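The values are calculated or read from the model by the stated rules, or taken from the named source; none is laboratory data. Since the model is a prediction, treat every value here as computed from it, not as a measurement. Cβ: placed from backbone, ideal geometry, glycine included. Neighbour counts: every protein chain shown. The protein model used for the area step is the full one, side chains on, heavy atoms only, and it has no ligands, DNA or RNA in it. Shrake-Rupley method; radii C 1.70, N 1.55, O 1.52, S 1.80 Å.
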Amino acid sequence: MTDNHFEGPLDEELRPPEHLADTLATVQDLYDDVVAPRNEALAHRLADETLYLDGEGKLHPEIIAARREIMAAAGEKGIYSAHLPESLGGGGLNREEMIYVEEKVYGYGCKLNPALLSWSEGATPRLLYCHDHQREQFVDPLVRGLKTSLHGVTESGAGSNLFDMKTHAVRRGKDWVLSGAKAYITNAFDADVAQILAITDPGAGRRSFTYFMFDTREYLDKGYRIGRVYQTMFGDGYTGEIFFDDMVLPESAVIGEPGQGFDIAVMSFNYTRMRRAGMCSGWSKYLIHQSLNRVKERQIGDRPLGANQGIQWKIADMYLDWLQARSLSLEVARRIDTPGPWYRLPRPKDEIREICALKVSNDESFYRVADHALQIHGGLGVMRNTEVNKLFQIARNLRIPGGTDEVQRTTIAETLGLRFDASKSAPKKDA
């Protein structure tokens, strides 16, 4: 039941490598056989924000259940964790290959299709640092899409600068006692597994941080507490806060080694930034196709909307944004894959600069595409219960998580030699 609604002129320019043909065909089959039927069954909820959430403002249980079904189906077919190495049960695809897979998945729009691929609530690169004793309980079910997770880094007073973090853990014999709170956490209410970054050695620079992982249901009301739901600009019902009240964790809960948390976090952030490529490309392509259909079908007087030069230029600008960001992304991905693999640490500063450039380019290009698409759709575009409007809201949101675009620009400047030591640049006092 291939949906031709998602095909358009830009598909001719994708040109994925031939060896990915079977993988992309599997994605299409999963969409046709698993995603599309659930989109149809939940159309009333997906299209109406008053039905999208439950009575507490959280994502409706029926949508959560459908997402989990899609995740498990994609995990069974080897798509859900295609980005992870085969040693973890993943597909072993590199970053360039994943761009083609990601833009295929996101090219269907923004209903239930994103659940085909692991995101912050699934099989993240942090699993690379898990120990053998954590594999059966955590790693394997996350890789197969049978469990979900949350990533606890951000706090109400600590965002892009990890050193502002207050959540901490101290040793008590062979255990760790975790205290603090995390805010703006994706999947705060439904996660089976929590991965939490905390300060364990204050003042030790990069060695100040450690990651912990635990079963949320095992520790619920045993020091682990779920707080309120946050109402985000796109009403996801999926974002909230969590608390740790002198929560006692065993040594076996540590991911990697104590003091390794900062490096693991940086690797995770780099992955988030690199993943913008396929996501923004797929969604931009979708919006361009929707806009093309709109301007061809919408009649203004005796001619289509697309006959107006002003509209034609908007479409052309959307194409330029898509093409430029996608081309940059593929080039950066090839550079990352050349020394490979993308998760190896540390990364050279020129590569960090390019990863930051990839994020900013995709964030801002996608935002401009979404803004034009909304404008082209006119009155229909400002209606909240449309995918065009939803993607516009998502596009604006993407410029903040994963390190704000301003932080990316600062990092780019610093890697170009513009890092200054304030203590050395203070004006000299008159003798």
Q: Working only within segment 117-139, note down all residues that are open to solvent by 50 Å² or more (accessible area, probe 1.4 Å) and assigned to a loop (DSSP other than H, G, I, E, B).
A: W119, H131
Q | Subset of segment 377-404 (residues that are assigned to a helix (DSSP H, G or I) and exposed (fewer than 15 other Cβ atoms within 10 Å of the Cβ)) | A | G378, G379, L380
Q.
Contact list please: Cβ distance under 7 Å, first residue in segment 118-136 and of a type in the set (D, E), second residue not in a helix (DSSP H, G or I), pairs at least six apart or on different chains.
A. E121/T148; E121/S149; E121/L150; E121/T186; E121/N187; E121/A191
Q: May I ask you to verify whether A307 is out of contact with any Phe, Trp or Tyr (no Cβ under 9 Å at 6 or more places or on another chain), open to solvent by 10 Å² or more (accessible area, probe 1.4 Å) and small (G, A, S)?
A: yes
Q: Six or more apart or on different chains, Cβ under 9 Å: which pairs go from a residue in segment 29-52 that's among the polar types (S, T, N, Q) to one that's in a helix (DSSP H, G or I)? Could you list them?
A: N39/L46; N39/A66; N39/N113
**Q.** Pair list, Cβ under 6 Å, 6 or more apart: segment 80-104 residue of a type in the set (G, A, S), other residue part of a helix (DSSP H, G or I) and open to solvent by 30 Å² or more (accessible area, probe 1.4 Å)
**A.** G92/E86
Q: Could you tell me whether any residue of segment 147-169 is crowded, with 20+ Cβ neighbours inside 10 Å, touching a helix residue (DSSP H, G or I) at 6+ places or on another chain (Cβ under 6 Å), on the phi < 0 side of the Ramachandran plot and in a loop (DSSP other than H, G, I, E, B)?
A: yes
Q | Qualifying positions in segment 206-249 - under 22 Å from V177 (Cα atoms) and part of a loop (DSSP other than H, G, I, E, B) | A | D221, K222, G223
Q. Does segment 76-86 include one or more residues that are closer than 18 Å to V105 by Cβ, part of a loop (DSSP other than H, G, I, E, B) and open to solvent by 50 Å² or more (accessible area, probe 1.4 Å)?
A. yes
